[in-house]
Amino acid sequence: MGTGTGIWAFQRQALFPHALCSTASSEARFEAHLRGLEDLLSRFPRERSVVADALTFCDLTTSPLGTRVSLQERAREVTLRYGPDHLVTQALRQALPTKALAIARTRCWLQRHGLDPDQLFPE
């Protein structure tokens, strides 16, 4: 998420479906809070769905190089990249319990549908 309002303006101008904007803003809500952008973010209701959970799963179990990682490994990578005091790191640290639940729900959903979440990425 950038420091301004550009991403939401872009989403609206690009005519992204409202649900997609809500899903993306749900991902960014902790960082938006730390940046003081709650009013802007409130334009999009928080998305609570399988799709929102899957977005979190993909975002936080994939390294910048596209390899499978654990949530803890991804959080460590973000901390190393941004530094422990950076706003992005602080937001992720606050969001970890919520993100862990979304990842667990996605893993359960995949398993219920006959997919092994540990085999989604080629080695």
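Identify all residues within region 38-65 that are over 15 Å from the mean Cα position of the chain (by Cα) and either modelled with pLDDT of 85 or more or open to solvent by less than 30 Å² (accessible area, probe 1.4 Å) (or both); write none if there are none. Those that are over 15 Å from the mean Cα position of the chain (by Cα) and either modelled with pLDDT of 85 or more or open to solvent by less than 30 Å² (accessible area, probe 1.4 Å) (or both): L40, F44, L65. What number of residues in region 71-114 are open to solvent by less than 40 Å² (accessible area, probe 1.4 Å), on the phi < 0 side of the Ramachandran plot and either without any contact (Cβ under 8 Å) to a residue 12 or more places away in the chain or over 15 Å from the mean Cα position of the chain (by Cα) (or both)? Result for region 71-114: 2. Scanning region 64-123 for residues that are among the basic types (K, R), under 18 Å from V51 (Cα atoms) and in contact with a Leu (Cβ under 7 Å, 6 or more places away or on another chain) gives a single hit, K99.
The values are calculated or read from the model by the stated rules, or taken from the named source; none is laboratory data. Nothing here was measured: the structure is a model prediction, and the numbers come from that model. All Cβ positions, even for glycine, are placed from backbone atoms using ideal geometry, and neighbour counts span all protein chains on display. We work out accessible area using only protein heavy atoms, side chains counted, and drop any ligands, DNA or RNA first. Shrake-Rupley method; radii C 1.70, N 1.55, O 1.52, S 1.80 Å.
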